[in-house]
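Asks: Please read through the structure below; I'll follow up with questions.
The values are calculated or read from the model by the stated rules, or taken from the named source; none is laboratory data. As the structure is a prediction and not an experimental result, all values here were calculated from the model. Note: ideal-geometry Cβ built from the backbone for every residue, glycine included; neighbour counts use all protein chains shown. Each accessible area value is taken on the protein alone, full model and side chains, heavy atoms only, with ligands, DNA and RNA left out. Shrake-Rupley method; radii C 1.70, N 1.55, O 1.52, S 1.80 Å.
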Amino acid sequence: MTLRELLPPDTALGWRAMRELRPHVGDAAAFAERVDTVQRLEGYRLLGSFEDGADEAAAVAGFRVTHHLAWGRALYVDDLSTLPDARGRGHAGALLDELVAEAARLGCEELHLDSGVGPARWTAHRLYMNHGLTIVSHHFSRTVGG
């Protein structure tokens with residue numbers, strides 16, 4: 001497997017993997033446009049894990065550096081997603097390991113991610129804990145407006 005950052009014009013190479021976690025992202029062009037013209041401006045970066053010889057990413061991680069009174073400088077993982085037929089091959093674990101290394105390179109004090117709850121997420125939770133993450137809080141949200 002090979003890990004590499006997906007920069008324009010290669011953003012869409014991560015679309016299929018991202019769609020597994022974020023089905024609302026639209027088609028590959030809409031996904032790439034949103035990432036490249038909105039989220040990158042906010043510091044978002046996209047890392048892909050590729051099977052040998054594959055054109056599209058088998059797994060992706062979207063992340064950014066954030067600053068918080070509670071956490072200090074942190075690398076926040078917005079998205080971590082793997083194609084179903086590539087699960088169990090080490091892609092997500094390799095991405096997490098690279099994100100921890102990138103956090104250290106960038107002078108971050110912590111790495112954070114939020115994950116949904118319920119039985120469908122238990123495999124992901126095991127992966128996170130096996131890579132040194134712990135459950136430290138509950139995340140609350142509310143829809144605002146229309």
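Asks: Surrounded by fewer than 17 Cβ atoms within 10 Å (Cβ to Cβ), within 18 Å of A86 (Cα to Cα) and either modelled with pLDDT under 95 or among the small types (G, A, S) (or both): does that describe A54?
Replies: So A54 passes the test.
Asks: Is it true that some residue in segment 132-141 is surrounded by 12 or more Cβ atoms within 10 Å (Cβ to Cβ) and either of a type outside the set (S, T, Y) or touching a Pro at 6+ places or on another chain (Cβ under 8 Å) (or both)?
Replies: yes
Asks: Now for a separate question. Taking interchain pairs and intrachain pairs at least six residues apart, which have beta carbon atoms under 9 angstrom, with the first residue in segment 61-75 and under 19 Å from S49 (Cα atoms) and the second open to solvent by 80 Å² or more (accessible area, probe 1.4 Å) and modelled with pLDDT of 95 or more?
Replies: Cβ pairs passing all conditions: R64/E42.
Asks: Let me ask you something else. Quick check on this structure: which one of L13, L7, L21 is of a type in the set (A, V, I, L, M, F, W, C) and touching a Lys or Arg at 6+ places or on another chain (Cβ under 9 Å)?
Replies: L7
Asks: Can you find a residue in segment 23-40 that is open to solvent by 70 Å² or more (accessible area, probe 1.4 Å), over 20 Å from R126 (Cα atoms), without any contact (Cβ under 8 Å) to a residue 40 or more places away in the chain and in contact with a His (Cβ under 6 Å, 6 or more places away or on another chain)?
Replies: no
Asks: Right, another one. Suppose we keep only residues that are within 18 Å of G93 (Cα to Cα) and either aromatic (F, W, Y) or open to solvent by less than 10 Å² (accessible area, probe 1.4 Å) (or both) within segment 41-51. Which one would you say is nearest to the chain's Cα centre (by Cα)?
Replies: If we take residues in segment 41-51 being within 18 Å of G93 (Cα to Cα) and either aromatic (F, W, Y) or open to solvent by less than 10 Å² (accessible area, probe 1.4 Å) (or both), then L46 is nearest to the chain's Cα centre (by Cα).
Asks: Within segment 1-59, which residues are among the small types (G, A, S), within 21 Å of L96 (Cβ to Cβ) and assigned to a loop (DSSP other than H, G, I, E, B)? Don't jump to the end; show me each part of the working.
Replies: The initial filter retains those residues of segment 1-59 that are among the small types (G, A, S), namely 12, 14, 17, 26, 28-30, 32, 43, 48-49, 53-54, 57-59.
Next cut, within 21 Å of L96 (Cβ to Cβ) only: 14, 17, 43, 48-49, 54, 57-59.
Those that are among the small types (G, A, S), within 21 Å of L96 (Cβ to Cβ) and assigned to a loop (DSSP other than H, G, I, E, B): G43, A54, A57, A58.
Asks: Please specify each residue of segment 96-124 satisfying the condition of being part of a helix (DSSP H, G or I) and open to solvent by 40 Å² or more (accessible area, probe 1.4 Å).
Replies: Within segment 96-124, D97, E98, V100, A104, R105, P119, A120, R121, W122, T123 qualify.
Asks: What residue, among those in segment 59-83 that are open to solvent by less than 70 Å² (accessible area, probe 1.4 Å), over 12 Å from the mean Cα position of the chain (by Cα) and of a type outside the set (V, I, T), is modelled with the lowest pLDDT?
Replies: Checking each candidate, the answer is G72.
Asks: If you take the residues in segment 50-60 that are touching a residue at least 24 places away in the same chain (Cβ under 8 Å) and not aromatic (F, W, Y), which one is nearest to R34 (Cα to Cα)? Break it down stepwise before answering.
Replies: Let us first name the residues in segment 50-60 that are touching a residue at least 24 places away in the same chain (Cβ under 8 Å), namely 50-52, 55-60.
Right, trim to not aromatic (F, W, Y) and you get 51-52, 55-60.
Numbers: E51: 25, D52: 28, D55: 21, E56: 18, A57: 18, A58: 20, A59: 19, V60: 16 Å.
Ranking the qualifying residues of segment 50-60, first place goes to V60.
Asks: Then there is this: So which residues in segment 110-135 are of a type in the set (D, E, K, R), without any contact (Cβ under 8 Å) to a residue 12 or more places away in the chain and closer than 16 Å to D79 by Cα, if there are any at all? It would help to see each step written out before you state the result.
Replies: To start, the set of residues in segment 110-135 that are of a type in the set (D, E, K, R) comprises 110, 114, 121, 126.
Among the residues that remain, those that are also without any contact (Cβ under 8 Å) to a residue 12 or more places away in the chain are: 121, 126.
Selection gives R121 alone.
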